[in-house]
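Novice: Dumping the structure here so I can ask a few things about it.
The values are calculated or read from the model by the stated rules, or taken from the named source; none is laboratory data. It should be emphasised that the depicted structure is a prediction, and the values quoted were computed from it without experimental measurement. Neighbour counts run over all protein chains shown; Cβ positions are idealised from the backbone, glycine included.
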Amino acid sequence: MSNSVGAVTPQTMHFDTPLACRSGAVLDAYDLMYETYGTLNAEKSNAVLVCHALNASHHVAGFYAEDPRKVGWWDNMIGPGKPLDTDKFFVIGVNNPGGCFGSTGPASINPKTGKAYGSSFPVVTVEDWVEAQARLADRLGIARFAAVMGGSLGAMQALQWAIAFPERIANSIVIAAAPKLSAQNIAFNEVARQAITTDPDFHGGDFYAYNVIPRRGLRLARMIGHITYLSDDAMMEKFGRSLRSGAINFHFDVDFEVESYLRHQGDKFSEYFDANTYLLITRALDYFDPAAACDGDLARALAPATAKFFVASFTSDWRFAPERSREIVKALLDNRASVCYAEINAPHGHDAFLLDDERYLALVRAYFENVANDLGAQV
Amino acid sequence: MNAALPVPAIAGRADLEAIASWVPPGASVLDLGCGEGLLLKYLNRSREVLGYGVEISDANVLACVKNSVNVIQSDLEAGLAGFDAGSFDYVILSQTLQAMHHTEEIIMEMLRVGRQGIVSFPNFGYWPQRLQIMRGRMPRSDVLPHLWYDTPNVHLCTLSDFEDFCATHAVRIIERIVMQGDRRISFAPNLRGSVAVYRFARV
């Protein structure tokens, strides 16, 4: 594994200060699971926070010694000599509250009841996550991030950071983003949620007590989600109309390769992802709309931001199409913010932000070189 | 803004020096087809100009990022829909006008988005080029280096052509600099100048 940060160990931080959520609910105490790569410099100025999207975690880069196949989800982006260079930056990945990878979430035991939170877990939002991340930064002694970076839902967190904590973020790296979901985006999320909540094994979200998981619902949710991450062309390229057994069989089991692929993805997902977390995260997506508080004026919502921005979109992304990123760029221009915007001609759809596209990685690398140079200039 | 950083050279691009000389400190600038962002980098470092570039080429967008210049990847031929009316002091189009398909539209868009427009372009009326045409050949020169079958240029013009265009499109020319190499040309510019730079506004 060349240029890997190597074997990494996740850490846990416990928080006793209640997290007052946007919904009005309060999370009295919680744990955050996180990983760090690279070295925090003496000035504590070289920290970069990487925010995860729907189904990812704090495991952003490197691998686990006990299972080297468990490679971080953005390992192609982050490591020594990589676009986000851990020789220069101290990189933090954190699992958000409500997650299912070690941070306090619906599957965690509520100390008040001795049972899993389940349906009683607060409906957390992007704003709540960013608040929790800021507290983690406090505890790590990081007053200001050199950059906060994310793709998709992670990019929404990078935007929210620039709005909520303008003095604590020098650069906001916003990739494959949207300033809010469209009706179509919400509709897809609703189908996924319905798949989960109508599964008889869901038990209103309190399935833990029954020792079951709403596997069918999770599979369907993942399948529909997965379709929206890929472009029509990418799917056609990958699967075409290839048949599993070489012929159609006049039945409703798997005939086409794409069916087999989706079922496999769904199965895998239902093994490791929590159904309540899926509901929460899709809801966080639905509710994110910083412009709403400013009569729909995104420029006004972004007015407090003082960070420099790097915004990138992918031409074949129909889930968060380039037009959505251009809305963000327009709002930044209205505020005369510093912004570099790249529209990358990539065929892979929304998933492109995770893939090895040379132009994309070169841009991120160049941008982070500027971030590193700015750090040098401050010292 | 970046006063401590070295001011990059724009020598060799006399048209950029002329353009830069017209942009006052602190102005806001939109540079269409900004290439590698050299003009913006120069303006930013020499006179704290807040600038944004617009570029379509991946390589140039990357170069702009490397030059720490604000850049927005976009196709000029599609207009400037992402930019509000009157949102910039100057909208610049250097050495790009002749390669635009939607020539009228982009000039009008420049004057919608900017208070003033600045263009530079190769003067097709430059005498060595006229001579080459008289000899029966498509002209080639320092400012028109391309072969006829392999050129981005589709809308070449002379100074007189451009000035006629302005007159018929309610565009008021404020200032003009004509050059041959680094020299400024005032006598018989349409014959002796190889590059022209214009600053203009709405009538």
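Novice: Tally time: how many residues in the stretch A:206-222 are surrounded by 20 or more Cβ atoms within 10 Å (Cβ to Cβ) and either basic (Lys, Arg) or within 20 Å of A:Phe188 (Cα to Cα) (or both)?
Specialist: Of the residues in the stretch A:206-222, 7 are surrounded by 20 or more Cβ atoms within 10 Å (Cβ to Cβ) and either basic (Lys, Arg) or within 20 Å of A:Phe188 (Cα to Cα) (or both).
Novice: Answer yes if at least one residue in the stretch A:73-90 is in contact with a strand residue (DSSP E or B) (Cβ under 6 Å, 6 or more places away or on another chain), farther than 26 Å from A:His350 by Cα and without any contact (Cβ under 8 Å) to a residue 60 or more places away in the chain, and no otherwise.
Specialist: Yes - at least one qualifying residue is present in the stretch A:73-90.
Novice: Regarding the stretch B:126-137, can at least one residue be identified that is touching a helix residue (DSSP H, G or I) at 6+ places or on another chain (Cβ under 7 Å), outside any strand (DSSP E or B) and not hydrophobic (A, V, I, L, M, F, W, C)?
Specialist: So far as the stretch B:126-137 goes, no, none of its residues is touching a helix residue (DSSP H, G or I) at 6+ places or on another chain (Cβ under 7 Å), outside any strand (DSSP E or B) and not hydrophobic (A, V, I, L, M, F, W, C).
Novice: Continuing with the same structure: How many residues, within the stretch B:43-64, are within 9 Å of another protein chain (Cβ to nearest Cβ) and buried (at least 24 other Cβ atoms within 10 Å of the Cβ)?
Specialist: Of the residues in the stretch B:43-64, 3 are within 9 Å of another protein chain (Cβ to nearest Cβ) and buried (at least 24 other Cβ atoms within 10 Å of the Cβ).
Novice: So, in the stretch B:69-98, how many residues would count as being outside any strand (DSSP E or B), closer than 14 Å to B:Arg115 by Cα and facing chain A (nearest Cβ under 10 Å)?
Specialist: Number of matching residues: 3.
Novice: So, one more: If we scan the stretch B:142-149, do we find a residue that is assigned to a loop (DSSP other than H, G, I, E, B), on the phi < 0 side of the Ramachandran plot and surrounded by 15 or more Cβ atoms within 10 Å (Cβ to Cβ)?
Specialist: At the first step, the residues of the stretch B:142-149 found to be assigned to a loop (DSSP other than H, G, I, E, B) are B:142-146, B:148-149.
From the residues that got through so far, the ones that are on the phi < 0 side of the Ramachandran plot too are B:142-146, B:148-149.
Going one step further and asking which of them are surrounded by 15 or more Cβ atoms within 10 Å (Cβ to Cβ), we end up with B:143-144.
Yes, the stretch B:142-149 contains a residue that is assigned to a loop (DSSP other than H, G, I, E, B), on the phi < 0 side of the Ramachandran plot and surrounded by 15 or more Cβ atoms within 10 Å (Cβ to Cβ).
Novice: Moving on to the next point. Taking the condition of being in a helix (DSSP H, G or I) and within 28 Å of A:Gly72 (Cα to Cα), how many residues in the stretch A:318-327 meet it?
Specialist: Result for the stretch A:318-327: 3.
Novice: Among A:Gly246, A:Gly240, which is among the small types (Gly, Ala, Ser), within 31 Å of the chain's Cα centre (by Cα), surrounded by fewer than 16 Cβ atoms within 10 Å (Cβ to Cβ) and over 19 Å from A:Val191 (Cα atoms)?
Specialist: Criteria check complete, one pass: A:Gly240.
Novice: Now for a different question. For the stretch A:4-27, which residues satisfy the criterion of being part of a loop (DSSP other than H, G, I, E, B) and closer than 14 Å to A:Ser103 by Cα?
Specialist: Answer for the stretch A:4-27, where residues must be part of a loop (DSSP other than H, G, I, E, B) and closer than 14 Å to A:Ser103 by Cα: A:Pro10, A:Asp16.
Novice: What helices (runs of 4 or more DSSP H) lie completely within the stretch A:246-304 and have 1 or more residues being more than 22 Å from A:Pro166 (Cα to Cα)?
Specialist: So the answer is A:257-272, A:275-287.
Novice: Modelled with pLDDT of 95 or more and touching a Ser or Thr at 6+ places or on another chain (Cβ under 6 Å) - does that describe any residue in the stretch A:40-52?
Specialist: No, every residue in the stretch A:40-52 fails to be modelled with pLDDT of 95 or more and touching a Ser or Thr at 6+ places or on another chain (Cβ under 6 Å).
Novice: Just checking, does the stretch B:103-115 include any residue being part of a loop (DSSP other than H, G, I, E, B), surrounded by fewer than 18 Cβ atoms within 10 Å (Cβ to Cβ) and away from chain A (no Cβ under 13 Å)?
Specialist: no
Novice: Tally the residues that are more than 7 Å from chain B (Cβ to nearest Cβ) and touching a residue at least 60 places away in the same chain (Cβ under 8 Å), restricting the search to the stretch A:364-377.
Specialist: 7
Novice: Inspect all residues belonging to the stretch A:47-66 and state whether any of them is more than 27 Å from A:Phe269 (Cβ to Cβ), part of a strand (DSSP E or B) and touching a residue at least 40 places away in the same chain (Cβ under 8 Å).
Specialist: So in the stretch A:47-66, the residues more than 27 Å from A:Phe269 (Cβ to Cβ) come out as A:47-48.
From what is left, the residues that are part of a strand (DSSP E or B) are A:47-48.
With the extra rule that they be touching a residue at least 40 places away in the same chain (Cβ under 8 Å), the set shrinks to A:47-48.
Yes.
Novice: Within the stretch A:328-345, is even one residue in a loop (DSSP other than H, G, I, E, B), more than 28 Å from A:Ala303 (Cβ to Cβ) and modelled with pLDDT of 95 or more?
Specialist: yes
Novice: Which members of the stretch A:171-198 meet the condition of being over 30 Å from A:Phe309 (Cα atoms) and buried (at least 22 other Cβ atoms within 10 Å of the Cβ)?
Specialist: Let us first name the residues in the stretch A:171-198 that are over 30 Å from A:Phe309 (Cα atoms), namely A:190-198.
Within the stretch A:171-198, A:Ala192, A:Ala195, A:Ile196 qualify.
Novice: Mind checking whether some residue in the stretch A:99-113 is over 22 Å from A:Tyr208 (Cα atoms), among the basic types (Lys, Arg) and assigned to a loop (DSSP other than H, G, I, E, B)?
Specialist: no
Novice: Return the residues of the stretch A:310-322 that are polar (S, T, N, Q) and either over 30 Å from A:Ala234 (Cβ atoms) or within 11 Å of chain B (Cβ to nearest Cβ) (or both); say none if nothing qualifies.
Specialist: Selection gives A:Ser313, A:Thr315.
Novice: Would you check if A:Asp206 is at pLDDT 95 or above, farther than 30 Å from A:Ala342 by Cα, out of contact with any strand residue (DSSP E or B) (no Cβ under 8 Å at 6 or more places or on another chain) and of a type in the set (D, E, K, R)?
Specialist: no
Novice: Could you please find all residues in the stretch A:323-343 being β-branched (Val, Ile, Thr) and either within 7 Å of another protein chain (Cβ to nearest Cβ) or over 20 Å from the mean Cα position of the chain (by Cα) (or both)?
Specialist: A:Val329, A:Val339
Novice: Assigned to a helix (DSSP H, G or I) and within 15 Å of the chain's Cα centre (by Cα) - does that describe any residue in the stretch B:155-171?
Specialist: Yes, the conditions are met somewhere in the stretch B:155-171.
Listed here are the residues, each with its yes/no results for (1) under 26 Å from A:Leu230 (Cα atoms); (2) small (Gly, Ala, Ser); (3) buried (at least 20 other Cβ atoms within 10 Å of the Cβ); (4) modelled with pLDDT of 95 or more.
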| residue | (1), (2), (3), (4) |
| --- | --- |
| A:Thr86 | no, no, yes, yes |
| A:Thr104 | no, no, yes, yes |
| A:Ile109 | no, no, no, yes |
| A:Ala116 | no, yes, yes, yes |
| A:Ser120 | no, yes, no, yes |
| A:Thr125 | yes, no, yes, yes |
| A:Phe145 | no, no, yes, yes |
| A:Ala158 | yes, yes, yes, yes |
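So that you can scan it fast, the table gives a plain yes or no per residue for (1) at pLDDT 95 or above; (2) under 14 Å from the mean Cα position of the chain (by Cα); (3) among the β-branched types (Val, Ile, Thr):
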| site | (1), (2), (3) |
| --- | --- |
| B:Ile107 | yes, yes, yes |
| B:Ser120 | yes, yes, no |
| B:Asn123 | yes, yes, no |
| B:Tyr126 | yes, no, no |
| B:Arg130 | yes, no, no |
| B:Ile133 | yes, no, yes |
| B:Gly136 | yes, no, no |
| B:Val143 | no, yes, yes |
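Novice: Which one of these does A:Leu361 not meet: (1) crowded, with 24+ Cβ neighbours inside 10 Å; (2) in contact (Cβ under 8 Å) with a residue 60 or more places away in the chain?
Specialist: Here A:Leu361 meets the rest and fails (1).
Novice: Also, quick follow-up: Run down A:Ala307, A:Ala292, A:Ala352 and say which single residue is more than 11 Å from chain B (Cβ to nearest Cβ), closer than 26 Å to A:Leu54 by Cβ and surrounded by fewer than 16 Cβ atoms within 10 Å (Cβ to Cβ).
Specialist: Numbers: A:Ala307 fails: surrounded by fewer than 16 Cβ atoms within 10 Å (Cβ to Cβ); A:Ala352 fails: surrounded by fewer than 16 Cβ atoms within 10 Å (Cβ to Cβ).
Only one candidate qualifies: A:Ala292.
Novice: Given (1) in a helix (DSSP H, G or I); (2) in contact with an Asp or Glu (Cβ under 8 Å, 6 or more places away or on another chain); (3) within 14 Å of another protein chain (Cβ to nearest Cβ), identify the lone condition not met by B:Leu39.
Specialist: (3)
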